[in-house]
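Notes to accompany the following structure.
The values are calculated or read from the model by the stated rules, or taken from the named source; none is laboratory data. Keep in mind that what you see is a predicted model, and the values were worked out from it rather than measured. Ideal geometry is used to build each Cβ from the backbone, glycine not excepted, and the neighbour counts take in all protein chains shown. Ligands, DNA and RNA are stripped out before the accessible areas are found, and what is left, the full protein with its side chains, is counted by its heavy atoms. Shrake-Rupley method; radii C 1.70, N 1.55, O 1.52, S 1.80 Å.
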Amino acid sequence: MQQIKFQTTSVPALGIGTWHMGEQPQQRPAELQALRYGLDHGLTVIDTAEMYGAGRSESLVGEAIQPYQREKLFLISKFYPQNATKKRMRQSLTASLQRLGTDYLDLYLLHWRGGVPLSETVAGLMELQQAGKIRHWGVSNFDQVDLLELQQLNGAPYLAANEDLYNLGERGVEFDVLPWQQQRQIPFIAYSPVAQGDVRGYLTNNATVKAIAATHQLSTHQLLLAWVLHQPGLLAIPQTSDWHHMQANIAAAEISLTPAELAALDREFPAPTRKQPLAII
Ligand SMILES: NC(=O)c1ccc[n+]([C@@H]2O[C@H](COP(=O)([O-])OP(=O)(O)OC[C@H]3O[C@@H](n4cnc5c(N)ncnc54)[C@H](OP(=O)(O)O)[C@@H]3O)[C@@H](O)[C@H]2O)c1
């Protein structure tokens, strides 16, 4: 599997998303099984947030990782924009660490931009980093204009990642944000890489998607994931509560699509030719 470098730390380019997990007690055994299947088969990155299930996702992750060596994992969490002041960020982090059962995060992200000045947020993150509470910090749902603003601030060279929505049906970031990050070797974390399961079938019912998936003996969801992962410098974090899907996603991360297959998918779902509003969910 391809590796992604967060400054000094290398991780597999496939990570684990956890939105909507930990919310229903009857789902917990299956969720733990899915998460641990991933961890047992080479995945090390888990993405969560204080928002997810009002902390219940972090608690689930905390339980899932208990039997594993902490230093082998790369834990990402996020704080709400209203908690982006120095004081509130520290309180949020303390609560997240408690739920996760750890004393540090590998990456701490501002979940999206709010009213707190970015300079204060960055200063707060730098303090947490210097105190050893977080190893890296970054942002999420930042558009090009936000990244350019961030670049002007003290501490900007330490920006470790930006996490945005990206999948075959939502390619807007390819116009600006993604190449900007790739050129600077700032990992791009792709959320919703399988289009939230593509329940309406916009992508997975497409004949070209189906045909290319069949060629590789993949499901259409696996193909969507393999497609996202063809981008260099990108970490994809699909979410699944089903260990079979976790297994399928790990297998998809080993697939390389040919230039002809990528071109055929481009014809169906074209890359942007002009700036598009940042897709956010
Ligand atoms: N920073 C942000 O603002 C932000 C926003 C959204 C998401 N995220 C993060 O990104 C993660 C992923 O995004 P997401 O959860 O929105 O969407 P996603 O990963 O694109 O899709 C998740 C859905 O796809 C299904 N799925 C996954 N693998 C599958 C497979 N191999 N075959 C069939 N179905 C499959 C899952 O169902 P099953 O459980 O049945 O497999 C689930 O319903 C989140 O969990 C979260 O950690 C971050």
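Structure summary
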read-out	value
Label-to-label distance, nm, for residues given as A264 and Y158 (7 Å Cα→Cβ offset)	4.8
Rounded to whole Hz, the Karplus (6.51, -1.76, 1.60) HN-Hα couplings of segment 75-80, x for glycine and proline	9, 10, 9, 9, 10, 5
Residues whose placed amide H lies under 5 Å from that of A161, excluding near-sequence neighbours	V139
Unsatisfied cross-links (Cα-Cα over 22 Å) in the set K72/K133; K87/K133; K86/K133; K5/K133; K210/K275	K210/K275
5 angstrom amide H check on F74, placed H, neighbours 5+ away	V45, I46
Efficiency of FRET between A95 and A271 - r from beta-carbon atoms, R0 51 angstrom, step 0.05	0.80
On Cα atoms only, tilt of 28-40 relative to the major axis of the chain in degrees	80
Highest-MSF residue in the chain out of Q91, Q129, Q69 [GNM, Cα springs under 10 Å]	Q69
Karplus 3J(HN,Hα) series, Hz, for segment 169-176 with 6.51 cos²θ - 1.76 cosθ + 1.60 (x for Gly, Pro)	x, 9, 10, x, 5, 5, 6, 9
Length released on extending from Q151 to E71, taking residue separation times 0.36 nm less the Cα-Cα span	25.8 nm
Residues of type aspartates and glutamates that K78 reaches as a straight line, Cα spacing below 15 Å, ignoring anything fewer than 8 places off in the same chain	D47, E50, E58, D106, E163, D164
Amide H contacts of R135 (H built 1.01 Å from N, under 5 Å, at least 5 apart or other chain)	L105, D106, L107
Accessible surface of segment 1-109 [probe 1.4 Å, protein heavy atoms]: carbon and sulfur percent	49
Cβ crowding within 10 Å averaged over residues, with 116-124, 76-84 ranked highest first	76-84, 116-124
Cα gyration tensor shape of the chain, rounded if a/c is under 1.5, else prolate or oblate by comparing a/b with b/c	oblate
Karplus 3J(HN,Hα) series, Hz, for segment 235-249 with 6.51 cos²θ - 1.76 cosθ + 1.60 (x for Gly, Pro)	10, 9, 10, x, 10, 8, 10, 10, 5, 5, 5, 4, 4, 5, 5
